[in-house]
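The values are calculated or read from the model by the stated rules, or taken from the named source; none is laboratory data. Keep in mind that this is a model prediction, so the values were computed, not measured. FYI the Cβ positions are ideal-geometry reconstructions off the backbone, even for glycines, and counts take in every protein chain you see. In case anyone asks, the SASA skips ligands and DNA or RNA and just uses the protein heavy atoms, side chains included. Shrake-Rupley method; radii C 1.70, N 1.55, O 1.52, S 1.80 Å.
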Amino acid sequence: MRSETVNLFVKHHSRTIAAQVLFFRIHRGLTQKQLAEMCGMKQSAIARLEKTPDARWTTPTLMKIAAALD
């Protein structure tokens with residue numbers, strides 16, 4: 001990823017976990033279903049996370065997603 005793209009994202013869109021998950025999932029070329037499978041979750045859970053900026057997610061769930069996107 002080009003550093004300009006990362007800098008733009010961080011400056012304008014990284015304020016929510018939802019935006020970060022969506023950005024990095026798309027950047028890695030994953031569908032919601034693929035990410036969900038990697039995390040042991042349902043696709044609908046990933047969709048809900050990406051649509052709900054103020055959702056309350058547990059730390060273990062967020063760690064699974066982060067590990068899958070790493």
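Quick look at the values:
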read-out	value
Hits in segment 40-63 (condition: in contact with a helix residue (DSSP H, G or I) (Cβ under 8 Å, 6 or more places away or on another chain) and assigned to a loop (DSSP other than H, G, I, E, B))	Gly40, Met41, Lys42, Thr52, Pro53, Ala55, Trp57
Residue in segment 42-58 that is most open to solvent (accessible area, probe 1.4 Å), counting only those that are touching a Leu at 6+ places or on another chain (Cβ under 8 Å) and either charged (D, E, K, R) or more than 12 Å from Arg25 (Cβ to Cβ) (or both)	Trp57
Selected residue [at pLDDT below 85 and on the phi < 0 side of the Ramachandran plot] from Val21, Val10	Val10
